[in-house]
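Before any comments, here is the structure.
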Protein chains: 2
Amino acid sequence: MAKATVTFTGGMQFVATADSGHAVVMDAGPDAGGSNSGSRPMELLLMGIGGCSGMDIISILRKKKQQVTGLEAQVNGIMADSYPHKYTEITIEYVVRGKGVSEEAVKRAVQLSMDKYCSVKATLDGSARINFAYRIIEE
Amino acid sequence: MAKATVTFTGGMQFVATADSGHAVVMDAGPDAGGSNSGSRPMELLLMGIGGCSGMDIISILRKKKQQVTGLEAQVNGIMADSYPHKYTEITIEYVVRGKGVSEEAVKRAVQLSMDKYCSVKATLDGSARINFAYRIIEE
């Protein structure tokens with residue numbers, strides 16, 4: 001069981017903490033009565049899928065003894081035009097940097113995260129179509 | 001189109017930024033090779049649903065001229081036992097504090113957020129069962 005407490009702190013700002021103890025500030029933008037003092041709640045879903053799968057990929061590439069020097073997940077979400085504007089499609093591009101990193105290893109790491117390990121991906125998958133791709137940059 | 005960039009920053013730590021410009025740090029716990037320097041990615045989903053619906057509820061109660069002095073969303077997530085440990089059930093209890101706040105107004109605000117407005121709820125809904133309840137505390 002995971003637990004988060006999300007507390008209203010004035011305006012449209014909320015501060016959330018969860019089991020790990022770290023706080024995240026959320027706020028609406030001025031267009032929705034907020035003052036942009038923190039992330040939009042919907043942004044957290046894109047951040048979460050990037051972080052969750054990123055951790056899997058780093059961990060798998062380490063086990064495969066790959067010399068990774070950088071990893072970035074560029075996550076794009078498309079929302080439905082009408083309320084409640086849910087994500088209908090999320091696309092992630094992983095940019096892996098390193099020295100002689102094997103394409104096969106990256107392909108396998110990304111695939112394992114998407115198919116087997118990433119809890120955020122598995123949760124969002126029921127609702128949004130998840131697309132992914134990767135690029136490797138030799139450093 | 002919403003966009004987030006999630007960058008590996010060493011260990012198992014990732015820093016995410018999205019369109020609004022705010023950064024969120026994510027990390028795994030020591031049990032998973034991290035050093036708990038930030039939120040777990042799965043925590044962000046619970047934070048997001050609490051913040052998203054909390055903003056709706058505050059906004060609707062303001063329109064209904066209710067004197068709300070506090071709002072807290074307590075969010076619990078149950079994950080599947082087996083990989084990829086997705087959320088199967090999420091329960092949110094809203095605790096509304098105020099002076100003479102109408103129960104009917106709170107009930108309606110929560111219902112409108114859950115059924116019509118909350119984008120995070122609508123996204124997670126495809127995958128996890130979402131339960132909700134509310135309590136009102138007179139101040």
### Query
So which aspartates and glutamates pass the test for B:Lys99, namely a Cα distance under 17 Å, with those fewer than 8 places away in the same chain ruled out?
B:Glu72, B:Glu138, B:Glu139
### Task
Could you rank the peptides A:48-55, A:79-86 by their average count of other C-beta atoms within 10 Å per residue, with the highest value first?
A:48-55, A:79-86
### Task
Write down the percent of antiparallel bridges among all DSSP beta bridges whose residues are both part of chain A, to the nearest 5.
65
### Helix B:41-63 axis, angle to chain B major axis (alpha carbon atoms, nearest 10°)
20
### Query
Given the Cα-Cα distance of B:Asp115 and B:Ala133 and 0.36 nm per residue of separation, how much length would full extension add, in nm?
5.1 nm
### Summary
Shortest first and in nm, the label-point separations between B:Lys116 and its counterparts in the other identical copies (7 Å out along Cα→Cβ) come to 4.6
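Need one value for B:64-75: mean number of C-beta atoms belonging to other chains within 10 Å of its residues' C-beta atoms.
The mean count of partner-chain Cβ atoms within 10 Å per residue comes to 3.
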### Query
What number, in nm² with one decimal, is the all-direction average of the projected area of the convex hull of the alpha-carbon atoms of the range B:41-138?
5.9
### Cross-link partners of A:Lys86 among lysines (Cα-Cα below 21 Å; sequence separation of 8 or more within a chain)
A:Lys121, B:Lys3, B:Lys86, B:Lys116, B:Lys121
### Shielding by partners, peptide A:29-41 (average Cβ within 10 angstrom, other chains)
5
#### Entry: Inter-chain Cβ neighbour average for residues B:98-104, partner chain, 10 Å
0
#### Entry: Net charge, B:Val15 excluded, C-beta distance under 14 Å - Lys, Arg +1, Asp, Glu -1
-3
#### Entry: Relative intensity, log₁₀ I(q)/I(0), of the protein assembly as shown from a Debye sum that treats every alpha carbon as a point, q = 0.09 Å⁻¹
-0.40
### Query
Using helices alone, what [θ] at 222 nm do you get for chain B, with -39,500 (n - 2.57) per DSSP H run of 4 or more residues, divided over all residues and rounded to the nearest 500?
-9000 deg cm²/dmol
## Note on the structure
Everything considered on the Cα gyration tensor (a ≥ b ≥ c; rounded for a/c under 1.5, else prolate if a/b is larger than b/c, else oblate), the range B:1-50 must be described as oblate
### Task
Any chance you could give the angle, 0 to 90 degrees and rounded to 10, that helix B:103-112 forms with the longest Cα principal axis of chain B?
40
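Just so you know, all these numbers are worked out from the coordinates, no wet-lab data involved. Model, not experiment: these values are computed from the prediction. As a convention, Cβ positions derive from the backbone with ideal geometry for all residues, glycine included, and neighbour counts pool all protein chains shown.
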